[in-house]
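In what follows, a structure is listed as structure tokens, so that the remarks can point back to it.
The values are calculated or read from the model by the stated rules, or taken from the named source; none is laboratory data. On a predicted model such as this, the values are computed, not experimentally measured, just so you know. Heads up, the Cβs are rebuilt from the backbone with ideal geometry, glycines too, and the neighbour counts pull from every protein chain shown.
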Amino acid sequence: MVIETERVGTNLIVTVDGELDLETSPEFRNLVEAKLDQYQTITHLILDLKKVNFIDSSGLGVILGRFKRISQDGGRMSAINVSDQLKRIFELSGLLKIMNIYNDRKQALDNF
Amino acid sequence: MLENYLKLEFPSLPQNVGLARLVVSTFASQLEFTLAEVEEIRVAISEAVSNCVIHAYPNKTGTIKLELSIEDGLLTIVVQDYGVGIQDIMQAKQATYSTQPERMGLGLVFMESFMDQMELTSKPMEGTTVVMKKRPERGFVNAGFAGSN
């Protein structure tokens, strides 16, 4: 799994490439936590999931954990480029209720 | 009729969750599963093996036994561990119940939702066995087409 992050104003865009499961989710958690520590002004976490071909409950758990952190500070979380398969698992887990899904980065940035 | 089977043992390491997914999805592709069904199977096996790594052997590495079979067009997946077992299966099956923070308690829910059948048997300090079964939805459709040719 490869994770890239980019800060755009108060947005942190996290691009994930690979599978988010028990093996890889600690890396996601540690990297996003470190970036949120580094950039204290972030209020919008955007997950770009275009290259994510698998998420299970371990992956959903670390996404939920980051939502809890960002929402505690009054921020929001969004996901972009979400496949139908991922959308379904987000829906089953209840994550769709707490985060917005946008088609692409521009839409996510425009709507915040 | 038993058409194919596979038996595999591996240690309860996080990197073996992806390995189990790969083995099971490759094995399952011998049946007429749709891509969406294969995705469901991948999630179910991922949850079953992750549970062994996290819960069955919390402080050590133990053995996970994986058995796959195809019999009369039905895929059966058996995941067995020899770990600590589950004290209260009813409680474990409740959605969002989890013994650990940052875990969603959805593993068993996904396994039940994504497979046709899921059975869990467990004895404290002896281990847990999960049996999951799934049959391709479109198997009958294809059989119909084959018959009409």
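Is it the case that segment B:67-89 has a residue that's part of a helix (DSSP H, G or I), modelled with pLDDT under 95 and either under 26 Å from A:L95 (Cβ atoms) or aliphatic (A, V, I, L, M) (or both)?
Looking through segment B:67-89, at least one residue is part of a helix (DSSP H, G or I), modelled with pLDDT under 95 and either under 26 Å from A:L95 (Cβ atoms) or aliphatic (A, V, I, L, M) (or both).
Does any residue of segment B:13-32 turn out to be at the interface with chain A (Cβ under 9 Å from one of its Cβ atoms), of a type in the set (A, V, I, L, M) and assigned to a loop (DSSP other than H, G, I, E, B)?
Yes, segment B:13-32 contains at least one residue that is at the interface with chain A (Cβ under 9 Å from one of its Cβ atoms), of a type in the set (A, V, I, L, M) and assigned to a loop (DSSP other than H, G, I, E, B).
At the interface with chain A (Cβ under 9 Å from one of its Cβ atoms), within 13 Å of the chain's Cα centre (by Cα) and assigned to a helix (DSSP H, G or I): does that describe B:V43?
Here the answer is yes, as B:V43 does meet what is asked.
Quickly run through segment A:70-85 and pick out the residues that are over 12 Å from the mean Cα position of the chain (by Cα) and not hydroxyl-bearing (S, T, Y).
Those that are over 12 Å from the mean Cα position of the chain (by Cα) and not hydroxyl-bearing (S, T, Y): A:Q72, A:D73, A:G74, A:G75, A:D84, A:Q85.
Within segment A:70-87, track down each residue that is surrounded by fewer than 18 Cβ atoms within 10 Å (Cβ to Cβ) and either at the interface with chain B (Cβ under 10 Å from one of its Cβ atoms) or in a helix (DSSP H, G or I) (or both).
A:S71, A:Q72, A:S83, A:D84, A:K87
Filtering segment B:93-107 down to residues that are out of contact with any Leu (no Cβ under 8 Å at 6 or more places or on another chain) and in a loop (DSSP other than H, G, I, E, B), which residue is surrounded by the fewest Cβ atoms within 10 Å (Cβ to Cβ)?
B:P101
Can A:L22 be described as over 24 Å from B:A44 (Cα atoms) and either within 14 Å of another protein chain (Cβ to nearest Cβ) or buried (at least 21 other Cβ atoms within 10 Å of the Cβ) (or both)?
Answer is no for this residue.
Taking segment A:6-31, which residues are β-branched (V, I, T), over 26 Å from B:Q100 (Cβ atoms) and in contact with a Lys or Arg (Cβ under 8 Å, 6 or more places away or on another chain)?
Within segment A:6-31, A:I13, A:T15 meet the criteria.
Does any residue of segment A:30-41 turn out to be within 9 Å of another protein chain (Cβ to nearest Cβ), part of a helix (DSSP H, G or I) and touching a helix residue (DSSP H, G or I) at 6+ places or on another chain (Cβ under 7 Å)?
no
I need a count of the residues in segment B:1-58 that are in contact (Cβ under 8 Å) with a residue 40 or more places away in the chain and over 20 Å from B:R135 (Cβ atoms).
17
Consider only pairs whose beta carbons are under 7 Å apart and that are at least six residues apart or on different chains; among these, list those whose first residue lies in segment B:121-144 and is within 23 Å of B:A28 (Cβ to Cβ) and assigned to a strand (DSSP E or B) and whose second residue is of a type in the set (F, W, Y) and at pLDDT 95 or above.
Nothing qualifies.
Go through (1) over 14 Å from the mean Cα position of the chain (by Cα); (2) under 21 Å from B:I45 (Cβ atoms); (3) part of a helix (DSSP H, G or I) one by one and return the number of the condition A:N53 breaks.
Among (1) over 14 Å from the mean Cα position of the chain (by Cα); (2) under 21 Å from B:I45 (Cβ atoms); (3) part of a helix (DSSP H, G or I), A:N53 violates only (3).
Does A:L60 satisfy the criteria of being within 14 Å of chain B (Cβ to nearest Cβ), buried (at least 19 other Cβ atoms within 10 Å of the Cβ), out of contact with any helix residue (DSSP H, G or I) (no Cβ under 9 Å at 6 or more places or on another chain) and not acidic (D, E)?
no
State whether one or more residues within segment B:84-92 are under 19 Å from A:N53 (Cβ atoms) and buried (at least 16 other Cβ atoms within 10 Å of the Cβ).
Among the residues of segment B:84-92, not one is under 19 Å from A:N53 (Cβ atoms) and buried (at least 16 other Cβ atoms within 10 Å of the Cβ), which makes the answer no.
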